[in-house]
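Structure record follows, encoded as structure tokens.
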Amino acid sequence: MLTNVFSTRDIGNYKVTALSDGVMKASLSLLSGIEPEAAVNIQQQAGIKAADDIQINSYLIRGAGRIILIDSGMGNLNHIGGELRRNILLSGIMPDEVDTVLLTHAHPDHIGGLLDDNGRPAYRNAALYISKAEANFWLDNEKLTSLSERALMNGSLFRRTFEAYSTVRFTEETAIAEDITAVSLPGHTPGHSGYLIDSRDEKLLIWGDITHYPHIQIAHPEVSIAFDYDPDQAEQTRRAILERASRENLLIAGMHLGVSGFAYIRSPSEGHYFLEYV
Ligand SMILES: [Zn+2]
Ligand SMILES: [Zn+2]
């Protein structure tokens, strides 16, 4: 989406901006645990015109002397996405100023933008942070071979990307920044993580890929998508984080949460949830 009006929230000492990388063509038929008509109905009721499309977001965090990017979009891999770089520039930041890239996980729509067209780091002064469990999974060639051709390709992109960056740190082992911590949210991938900003009594949870079709999967947490590595664990994680987000009135951000980029989770009764964009 071509826009230079960015959704920005102040969270304590930080300013957090949702930046679009573009839209990924997908299909509601990738979902399991819901009838196709029911899925289409939910999208229509939510006023979503392109019901199958998945929005790709990244988040820029500025404050406490740091410039942090969370995930890097698809970066025009296979001609998908690639709008993030221009949107970062439009928000007044040069890619070389980004000192940290936090990764929620290593699917191509999250790490694709880390390399430029020549295979060099797009954020050359940034340290990469990822969970060790996630890195170990994508480096295990034997495991990936047993899964699928696609998993093997994703693993090779991961390896190429991480070899290009000189500084890689594991979130289990290193503090990230003042008032920012990693939150383990496994299931979508083995080391899938969110990031919690808890600064001066204000909180924001950036929850990665807890949902791909937010209206559908928040109303029906049991619905999983074909990209989920462990659908049962992904569902458990989704239910637990929806419960926490509604109970704690947590502001939520997500890589596929839609163009507004920020929302609250409301719970009219136990186990039932809906999305309220802000
Ligand atoms: Zn993913
Ligand atoms: Zn994703």
| Once fully extended, how much extra length lies between Glu163 and Glu97, figured as 0.36 nm per residue of separation less the alpha-carbon to alpha-carbon distance? | 21.7 nm
| request: Mind jotting down the distance between the C-alpha centroids of the stretch 143-204 and the stretch 233-257, whole Å? | output: 18 Å
| request: Counting other Cβ atoms within 10 Å, keep those with at most 16, restrict to DSSP loop, and tell me which GluC sites (Glu not before Pro) in the stretch 202-278 are left. | output: Glu222, Glu248, Glu270
| query | Between Glu142 and Asp10, 0.36 nm times their residue separation minus their Cα-Cα distance comes to what? | reply | 43.1 nm
| request: Specify which residue in the list Ile93, Pro221, Gly191 is farthest towards the positive end of the charge dipole of the chain, using unit charges on the beta carbon of Lys, Arg (+1) and Asp, Glu (-1), about the Cα centre. | output: Ile93
| Cα Rg, Dmax (largest Cα-Cα span) when computed across the chain, Å | 17.5, 52
| remark: FRET efficiency for Leu89 and Ser269 from the Cβ-Cβ distance with R0 = 41 Å, rounded to 0.05, comes out at 0.35
| In nm, what is the difference between 0.36 nm times the number of residues separating Glu173 and Val278 and their Cα-Cα distance? | 34.4 nm
| query | the stretch 120-192: which GluC sites (Glu not before Pro) are DSSP loop and have at most 15 other beta-carbon atoms within 10 angstrom? | reply | Glu172, Glu173, Glu178
| query | Tell me, what is the FRET efficiency for Asp230 and Asn118 to the nearest 0.05, using R0 = 25 angstrom and their Cβ-Cβ distance as r? | reply | 0.10
| message | Taking every DSSP beta bridge with both residues inside the chain, roughly what % is antiparallel (nearest 5)? | response | 75 percent
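FYI, it's all coordinate maths here, none of it is from the lab. Only a predicted model underlies this, so the values are computations on that prediction, with no experimental measurement involved. Neighbour counts are summed over all protein chains in view; Cβ atoms, including those assigned to glycine, are modelled from backbone coordinates with ideal geometry.
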